[in-house]
Structures are given as structure tokens and as C-alpha cells.
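Some notes on the structure that comes next.
Since every read-out is calculated from the coordinates, none of them should be taken as a lab result. None of the values given here were measured: they were computed from a predicted structure. Heads up, the Cβs are rebuilt from the backbone with ideal geometry, glycines too, and the neighbour counts pull from every protein chain shown.
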Amino acid sequence: MCETCKVHRPPRSTHCKRLGKCVLRFDHYCPYTSNAIGFYNHKFFILLVTYGSIAMTMVEINLCCIFYDYYFHSAPEKTIHWSLWYLLFQNGFFCFMCYFLVAIQQFLLFNNLTFKEFHLWWREWHKGKKKVYDFPRKFYKTIYINIQQVMGDDYLVWGCPWKNVLSNDGHYWE
Ligand SMILES: [Zn+2]
């Protein structure tokens, strides 16, 4: 039962303080999208970080080519504007941040975990209260089903940014 919303809270859902609502299969609150990531938008979050990191990698490669051309095949009429240096470092920083998010999200996706569930275990493990074999595997089925539960039943549209068809309604988890 949620004390604030006065509703029955299904398993894996959490009351998000910043949103002021209960969120089904709560993953985390994302400050960049100003939204809680949960049952209905987790797929879009995963696609955002995945495609974002691909796009930023392409930008970074292009920038590296420009700099390489300038310093190793320098033509006197060419100059490098300071904003390109800024873009190189800023894009590089966000690129690595995105890789980190993609890696975490893939790991959680394959293990049928939310970030919150993983974080709770991690914190206890760090304090020595939980062991590696206590790793939460309560909702683990097979890797394929684990992915389906977030990305949708039809694997052909896992990579497409439209609403996923889920056999689960987010209220009942076995
Ligand atoms: Zn609530």
C-alpha cells in the first residue's frame, strides 16, 4: 500500500518522490528526461541511450577525422574553430556517459532487473550483508523472455521507437 497515493502498490513498483506518483516496475528517475523510467517507457529509455551513443560515436569519429586532417595533412587555408575543440570534449564526455548507461541497461535487461532492485542488492553487498550468490534472480526467466518483458513480445520491433506490445500489464510478476 502506498501511504501517499493511497493505492495498492503492485510488486516491483515504487512511489517516485520527485514525480509524486507510484510508478509500475520503477527503474530510476532520470534527470535528463525529467521523468521516472518505469514499465511504460523503459524501452524508449534503452533506445534513447543506445541510439544516442551510436550517434555521438559517429560525431566523435567525424571530429577526430577533422582534427587528424588538420594536424597531419594540414592545408594552410584551413583553420580549426575553437568550438570544434569544445564539441570534441563535450561530445566525448557524453558519449562515454552513454556507453556506461547502455552497459548497465543491457546488464539489467538480460537479468530482468530494475536499477532499483540492483542498487538495493549492490548496497547490501557493499556493506557485506549480502553475498554474490544472493544476487536477485527472482524474476529471471530466459534471456529472451527477460528482454521481451521490457522491449515487447515481437522481437522485430525491439529496435523501433513505437509502443511495445506486452503480454504483461505490469501488475503481476512471477
Ligand atoms: Zn505512491
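Beyond a 22 Å Cα-Cα separation, which of these cross-linked pairs lie in this structure: Lys21/Lys43; Lys21/Lys116; Lys138/Lys163; Lys21/Lys131?
On the way: Lys21/Lys43 20 Å; Lys21/Lys116 16 Å; Lys138/Lys163 26 Å; Lys21/Lys131 33 Å.
Exceeds cut-off: Lys138/Lys163; Lys21/Lys131.
Return an integer: the convex hull volume of the alpha-carbon atoms of the stretch 72-140, in Å³ per residue. Walk me through the numbers before you get to the answer.
Numbers: hull volume 10.2 nm³, N = 69.
Per residue, the Cα convex hull of the stretch 72-140 comes to 148 Å³.
Output wanted: per-residue J couplings in Hz (rounded whole) for the stretch 135-141, from phi through Karplus 6.51 cos²θ - 1.76 cosθ + 1.60, θ = phi - 60°, x for Gly and Pro.
Along the stretch 135-141, the couplings run 3, x, 10, 4, 9, 5, 10 Hz.
Full-extension gain between Leu87 and Lys17, please, as 0.36 nm times their residue separation minus the C-alpha to C-alpha distance. Please list the in-between numbers first.
Numbers: separation 70, 0.36 × 70 = 25.20 nm, distance 3.49 nm.
So the chain would gain 21.7 nm between Leu87 and Lys17.
Which peptide among 105-111, 161-167 comes first, and what is the full order, when sorted by highest mean count of other Cβ atoms within 10 Å?
Ranked by mean Cβ neighbours within 10 Å, highest first: 105-111, 161-167.
Once whole DSSP H runs in the chain are found, which of them have Cα atoms spread over 24 Å or more along the helix axis and a mean Kyte-Doolittle score of at least 0.5?
Numbers: long enough: 42-72 (44 Å, 1.10); 82-110 (42 Å, 1.39).
Within the chain the helices that satisfy the rule are 42-72, 82-110.
Test of understanding: express the Cα radius of gyration of the stretch 110-174 as a ratio to 2.2 N^0.38 Å, with N the residue count. Each step should come with its number before you reach the end.
Working: Rg = 14.3 Å, N = 65, 2.2 N^0.38 = 10.7 Å.
My calculation over the Cα atoms of the stretch 110-174 gives 1.33.
Pop out the Kirkwood hydrodynamic radius of the stretch 1-40 from its pairwise C-alpha distances, inverse of mean 1/r, in Å to one decimal.
Values: mean 1/r = 0.0984 Å⁻¹.
With all distinct Cα pairs of the stretch 1-40 included, I get 10.2 Å.
Over what distance in Å are the Cα centres of the stretch 1-68 and the stretch 115-155 separated?
If we compute the Cα centre of each part, the gap is 17 Å.
Note down the Stokes-Einstein diffusion coefficient of the chain in µm²/s, whole number, using a Kirkwood radius over alpha carbon pairs, 20 °C, and 1.002 mPa s.
Values: Rh = 18.8 Å.
The calculation lands on 114 µm²/s.
Compare Trp121, Trp158, Trp85 in a GNM of the chain, Cα atoms joined below 10 Å, and give the one with the largest fluctuation.
Trp85
Could you size up the charge dipole of the stretch 1-48 around its Cα centre, putting +1 on the beta carbon of Lys and Arg and -1 on that of Asp and Glu, and report it in debye to the nearest 20? Each step should come with its number before you reach the end.
Values: 8 positive and 2 negative charges, 18 e Å.
Dipole about the Cα centre, nearest 20: 80 debye.
Using a Gaussian network model of the chain with C-alpha springs under 10 Å, which one of His126, His42, His28 is most mobile by mean-square fluctuation?
Result for the chain, Cα springs under 10 Å: His126 fluctuates most.
Can you give the local net charge around Trp162? Use residues other than it whose beta-carbon is closer than 15 angstrom to its beta-carbon, Lys and Arg +1, Asp and Glu -1. Before the final figure, lay out each step's value.
On the way: positive: Lys43, Lys163; negative: Asp153, Asp154.
Around Trp162, the surrounding residues sum to 0.
Lys/Arg Cβ at +1, Asp/Glu Cβ at -1, dipole of the chain taken about the Cα centre: which of Leu156, Leu63, Trp125 is farthest positive-ward?
Trp125
Can you list the GluC sites (Glu not before Pro) in the stretch 1-78 that are in a DSSP coil and have 15 or fewer other beta carbons within 10 angstrom? Working shown, then result.
On the way: sites: Glu3, Glu60, Glu77; in loops: Glu3, Glu77.
Hits after loop and neighbour filter: Glu3, Glu77.
Taking amide H atoms as placed 1.01 Å from N in the peptide plane, list the residues 5 or more away in sequence, or in a different chain, whose amide H sits under 5 Å from that of Asp27.
Residues meeting the criterion, in which the H sits 1.01 Å from N, are Ile37, Gly38.
Any chance you could run the full-extension gain for Cys64 through Tyr40? It's 0.36 nm times the residue separation minus the Cα-Cα distance, nm to one decimal. Each step should come with its number before you reach the end.
Working: separation 24, 0.36 × 24 = 8.64 nm, distance 3.79 nm.
Gain in length upon complete extension: 4.9 nm.
Kindly provide the trypsin sites (Lys or Arg not before Pro) of the stretch 4-43 that DSSP labels as loop, not H, G, I, E or B, and whose Cβ sees at most 14 other Cβ atoms within 10 Å. Each step should come with its number before you reach the end.
On the way: sites: Lys6, Arg12, Lys17, Arg18, Lys21, Arg25, Lys43; in loops: Lys6, Arg12, Lys17, Arg18, Arg25.
Within the stretch 4-43, the qualifying trypsin sites (Lys or Arg not before Pro) (loop, at most 14 other Cβ atoms within 10 Å) are Lys6, Lys17, Arg18.
Using unit Cβ charges (K, R positive; D, E negative) and no other charged atoms, how large, in debye to the nearest 20, is the dipole of the stretch 97-169 about its Cα centre?
Details: 10 positive and 6 negative charges, 99 e Å.
In total the dipole reaches around 480 debye.
Taking the Cα centre as origin and putting +1 on Lys and Arg beta-carbons and -1 on Asp and Glu beta-carbons, what dipole magnitude results for the stretch 1-98, to the nearest 20 debye?
Values: 9 positive and 5 negative charges, 173 e Å.
About 840 debye.
Do the sum for the chain: with -39,500 (n - 2.57) for every DSSP H run of n ≥ 4, divided by all residues, what is the mean residue ellipticity at 222 nm, to the nearest 500 deg cm²/dmol?
Values: 4 runs with 81 residues, N = 174.
Taken over the chain, the calculation gives -16000 deg cm²/dmol.
What is the mean projected area of the alpha carbon convex hull for the stretch 29-94, to one decimal in square nanometres?
5.3 nm²
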